[in-house]
2 protein chains.
Amino acid sequence: MFFLKELPTAEMLDRYAAQYQEMHPTHVADALTMMRQASLLLRELEGLFSKAGLSQTRFLVLMMLDREPDRPNLRISELSDRLDISKPVITTTVKSLSDDGYVSLQPNEFDGRAKDVLLEPPGKAVLKSLLPKYFMTINDFMSHHT
Amino acid sequence: MFFLKELPTAEMLDRYAAQYQEMHPTHVADALTMMRQASLLLRELEGLFSKAGLSQTRFLVLMMLDREPDRPNLRISELSDRLDISKPVITTTVKSLSDDGYVSLQPNEFDGRAKDVLLEPPGKAVLKSLLPKYFMTINDFMSHHT
DNA sequence: CCGATTTAGTTAGGATGCTAATCAAATAGT
DNA sequence: ACTATTTGATTAGCATCCTAACTAAATCGG
């Protein structure tokens with residue numbers, strides 16, 4: 001992550017801006033501030049997840065499975081694509097969620113290689129208990145940092 | 001990181017906003033977008049670093065050592081504090097930078113436990129070659145994403 | 001059809017981060 | 001001055017991510 005407390009100094013940015021006229025020091029400063037803010041929020045959210053026995057990725061998989069009522073299941077590769085996380089990571093994450101009874105796995109009806117991941121009631125329950133805190137944490141963070 | 005391509009739907013946010021009146025759906029949507037943007041930029045920068053044989057953390061250590069001309073050296077714990085990265089990680093990162101000749105380590109004059117980390121000419125050179133690309137990557141990213 | 005390519009998922013190996021525990025040196029309290 | 005606590009750095013163990021290589025199933029082209 002990008003947890004820099006001390007961002008590059010304004011002088012440092014100005015020095016580079018002088019050398020490259022297309023560079024806007026404010027653009028760069030904004031980007032660095034954005035990465036710092038995102039990191040801090042992510043860290044807070046991770047604390048929330050770990051208290052609930054989840055990780056960022058485990059949470060996101062559950063949320064993604066819950067978010068489209070018309071799609072009761074998603075395949076490994078669909079999860080990988082939508083979360084932008086590599087397939088090997090999704091494989092192990094789904095395995096761990098399955099061990100916990102939060103999701104179940106079924107062979108896909110039409111493609112013998114594919115596996116359908118389904119959100120199970122315990123997974124739905126843990127998600128439901130976490131979502132209010134999740135959204136409020138984000139909401140509060142944004143309220144205090146704008 | 002937080003690479004979600006598909007953020008929670010607006011409906012989903014509105015549903016929660018209805019339950020918690022202090023929650024502003026736009027706040028939350030902005031936060032999720034921010035985390036996604038930060039993740040994408042970070043991924044781009046990591047590509048840049050790895051081409052130069054560095055990692056995010058290795059780069060940040062070099063930058064931090066270079067950024068205060070009046071402080072030619074920093075201790076492990078100062079780097080840890082300023083970069084907001086745990087001390088064990090700084091220890092191993094500094095060790096690897098030292099193996100590459102980019103920094104050197106000296107016992108601190110006043111505190112027998114502490115170690116001073118100094119930026120060496122090869123480290124300064126690699127940093128100097130990378131900084132323009134670093135700032136321009138950030139600048140371009142911000143130009144295209146605002 | 002049938003070999004060649006692509007796609008889905010997994011396994012293997014490596015990088016990088018964390019916390020907890022440890023060791024040594026410095027500091028604080030009596 | 002001496003014990004107890006704190007602080008700086010390291011080690012050990014674990015979690016989580018990645019890419020590359022692999023297996024098996026599906027699809028494509030002749």
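Data for the structure
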| quantity | calculated |
| --- | --- |
| Residue ID - nearest to DNA strand C (Cβ to nearest atom), chosen from residues in the range B:68-118 that are within 14 Å of chain A (Cβ to nearest Cβ) and of a type in the set (Gly, Ala, Ser) | B:Ser86 |
| In the range A:87-110, residue nearest to A:Leu54 (Cα to Cα) [restricted to those that are free of Cβ contacts under 8 Å to residues at least 12 places away in the same chain and near DNA strand D (Cβ under 8 Å from one of its atoms)] | A:Thr92 |
| Selection count where residues are within 19 Å of A:Pro8 (Cβ to Cβ) and part of a strand (DSSP E or B), scope the range B:113-138 | 2 |
| Some residue of the range A:32-43 being modelled with pLDDT of 80 or more, within 16 Å of DNA strand D (Cβ to nearest atom) and of a type in the set (Ser, Thr, Tyr) | yes |
| Residue in the range B:31-50 that is surrounded by fewer than 19 Cβ atoms within 10 Å (Cβ to Cβ), within 12 Å of DNA strand C (Cβ to nearest atom) and farther than 22 Å from A:Gln37 by Cα present | yes |
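The values are calculated or read from the model by the stated rules, or taken from the named source; none is laboratory data. All values derive from a computational prediction rather than experimental measurement. All Cβ positions, even for glycine, are placed from backbone atoms using ideal geometry, and neighbour counts span all protein chains on display.
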